Amino acid sequence: MLSSKRNVLIILLLTIALSAFSQEQKYFTRLYIKLSPSLHFESPKELFNIEEIKKLQENYSFEISNAYGFSKEQIKQFAKQSKNGHTLKNTFKIEALLNIETSNKLLSALQNIPHLVYAYQSNTTPITPPHDIAPATSNFENNQGYIESNPGLNIRYAWNNGINAAGINIRDVEYGINLNHEELDHTTASQAPNTTINPSASSAFTEHGTSVAGIVFANKGTYGVSGIAHGANEYVLFPEWTVENNYNRVLATANAISNSAAGDIIIYEMQTFGQNNNVVLAEYEQAIWDLTKAATDAGIVIVAAAGNGSENLDDAFYNSYNARGDSGAIIVGAGSANISHVPLWFTTHGSRVNVHAWGENVYTIGENNCDTVFGNDFNQTYNSCFSGTSSATALVGGFTAVLQSYYLAQTGGYLTSQELRTLIVNTGIAQGSGVNIGPLPNMEAAILELNNTLSIADKNISTFIMYPNPTKGILNINLTQSNNSATVTIHNVLGQKVLNTKLTQRTNSISVNNLSKGLYLVTLKTEKNSITKKLIIN
């Protein structure tokens with residue numbers, strides 16, 4: 001009996017000791033705070049002039065720095081480009097080694113400092129990307145059905161008319177990519193400079209990015225798969241888990257935005273924790289929302305995964321998120337790969353989710369649980385079961401790049417993220433019954449609607465496709481009615497004719513190397529039509 005009581009006492013003491021150890025164990029902690037834009041700080045150190053922050057530093061010992069790494073001039077430019085005064089000014093990052101109790105106390109104290117816009121603790125451990133959903137579906141399609149017409153996105157319509165994302169830059173924010181894959185190794189796919197993917201990122205993380213790249217940018221050749229936006233200028237991965245910065249999603253997102261310009265496409269293959277740790281869209285994190293808003297206000301297009309947490313973003317739990325307003329991003333849910341277009345059980349949903357695409361049976365490259373490997377070579381790995389809001393977001397990201405390319409070719413300008421979102425929603429195929437995930441994008445309907453908006457006759461698309469635009473030296477012109485001869489004339493903005501040539505082939509390449517940088521007007525004349533488009537030479 002005494003022995004039994006002694007054992008119970010030992011167990012109790014061990015439990016208390018372990019609990020105390022857990023309470024005292026320190027972890028790397030990162031918090032973000034934003035102060036009123038009306039305040040001015042020459043450097044983050046000047047925050048210690050605020051008495052409340054000075055006292056907190058004495059109690060908790062933390063480092064404070066600028067949140068995003070943008071220069072003051074960049075932040076001013078973002079603010080100038082915003083139509084409603086949104087700014088990234090006075091957003092700071094606080095980092096320290098703290099135990100759980102102390103970090104909670106620090107956050108609580110920060111939330112009560114004067115002139116505060118927001119303060120929150122950011123996740124510092126990698127969050128599983130929106131990946132495959134169990135159980136795996138056994139009825140995989142062994143081809144890219146998503147590029148065809150309904151139930152696909154009808155990408156083929158654009159390809160048949162020479163539209164393949166020419167002139168568009170694409171960025172992807174996530175974990176990794178295999179640039180040695182045979183579908184990517186001879187393309188302009190790359191990884192952001194001065195970044196090394198963290199070796200702790202397993203293939204379950206890194207191959208996710210390979211599969212996304214395959215959907216969007218895989219080489220269109222005589223083998224393997226073809227990326228939806230295979231004609232884009234470049235595809236760049238900005239990894240969120242690196243050797244240089246460990247796991248830092250906010251920094252990766254900021255770097256992607258910093259290296260983008262109006263018209264570029266950034267794909268968010270990310271999700272974060274929402275209610276009850278169910279995963280939702282990445283912009284639920286305040287700093288990501290702030291960055292996204294600044295980017296879309298500046299004309300950068302953001303296409304983002306809704307997340308695989310089966311969460312309803314219209315739930316009262318998300319009232320504070322919804323109260324922030326519209327970030328401008330195109331939020332993507334996951335639907336079935338058939339004409340019913342029903343929401344899949346795992347997709348986060350609600351009125352904030354704008355469109356959906358296939359969340360199952362997507363054929364692409366990269367390692368998965370349904371691999372086909374040629375020559376026992378990791379760089380020749382394909383899979384037919386990529387899924388989740390991951391596959392859906394990659395599909396919409398590629399779709400958006402192609403549509404942006406067509407607008408660029410017609411006008412010499414770009415649609416904003418909000419304008420593209422409205423166009424895709426208004427021309428999409430309605431979803432099936434169930435929770436709201438928005439319509440399925442429809443390329444033909446979107447292009448024809450653009451034609452109506454731009455007052456282009458429907459038949460003209462099959463007469464004159466011009467790319468890339470802007471161009472640095474070669475201009476391609478497609479005549480899909482190959483039996484029609486045509487004459488192309490280029491004038492500069494002064495009205496001077498600088499080039500005149502006849503076209504007799506379906507596909508034509510014209511050298512404009514001798515033309516200086518600037519804006520030109522390209523006129524194509526056939527027996528029945530005369531069409532003029534803007535051309536930028538850079």
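Within segment 33-93, the trypsin sites (Lys or Arg not before Pro) that combine a DSSP coil assignment with at most 12 other C-beta atoms in a 10 angstrom radius are LYS83.
Scanning the chain for chymotrypsin sites (Phe, Trp or Tyr not before Pro) lying in DSSP loops with no more than 14 further Cβ atoms inside 10 Å, the longest uninterrupted stretch between such sites is 1-222. Helical content alone sets the calculated 222 nm signal of the chain at -8500 deg cm²/dmol, taking -39,500 (n - 2.57) per DSSP H segment of four or more residues and averaging over every residue.
Here Rg/Rh (Cα atoms, Kirkwood Rh) was computed from the coordinates, and among (i) 0.99; (ii) 1.07; (iii) 1.04 the match is (iii). Which loop GluC sites (Glu not before Pro) in segment 140-201, with loop taken from DSSP, have no more than 16 other Cβ atoms within 10 angstrom of their Cβ? Of the GluC sites (Glu not before Pro), the ones in loops of segment 140-201 whose Cβ has at most 16 other Cβ atoms within 10 Å are GLU141, GLU148.
Summary of the geometry: segment 177-252 and segment 34-96, compared by the centres of their Cα atoms, lie 32 Å apart.
Backbone phi angles across segment 316-332, fed through the Karplus curve with coefficients 6.51, -1.76 and 1.60 (θ = phi - 60°), yield HN-Hα couplings of 4, 4, 9, 4, 5, 5, 5, 5, 5, x, 8, 6, x, 6, 8, 9, 10 Hz in residue order; Gly and Pro are listed as x. Residue order for SER149, SER340, fewest other beta carbons within 10 angstrom first, comes to SER340, SER149. Classify segment 256-380: rounded, prolate or oblate, from the alpha-carbon gyration tensor (a ≥ b ≥ c, eigenvalue square roots; a/c under 1.5 rounded; otherwise prolate if a/b is larger than b/c)? Since a/c reaches 1.5 but b/c is at least a/b, the shape of segment 256-380 is classed as oblate. If I require 24 Å or longer along the helix axis, counting alpha carbons, and a Kyte-Doolittle average no lower than -0.5, what helices from the chain are left? Use full DSSP H segments. Qualifying helices: 2-24, 388-411. Apply the a/c threshold of 1.5 to the C-alpha gyration tensor of segment 145-452 and tell me whether it is rounded, prolate or oblate. Rounded shape, in that the Cα axes give a/c under 1.5.
Each reported figure results from applying straightforward, stated rules to the coordinates on display, with no laboratory input. As the structure is a prediction and not an experimental result, all values here were calculated from the model. Ideal geometry is used to build each Cβ from the backbone, glycine not excepted, and the neighbour counts take in all protein chains shown.
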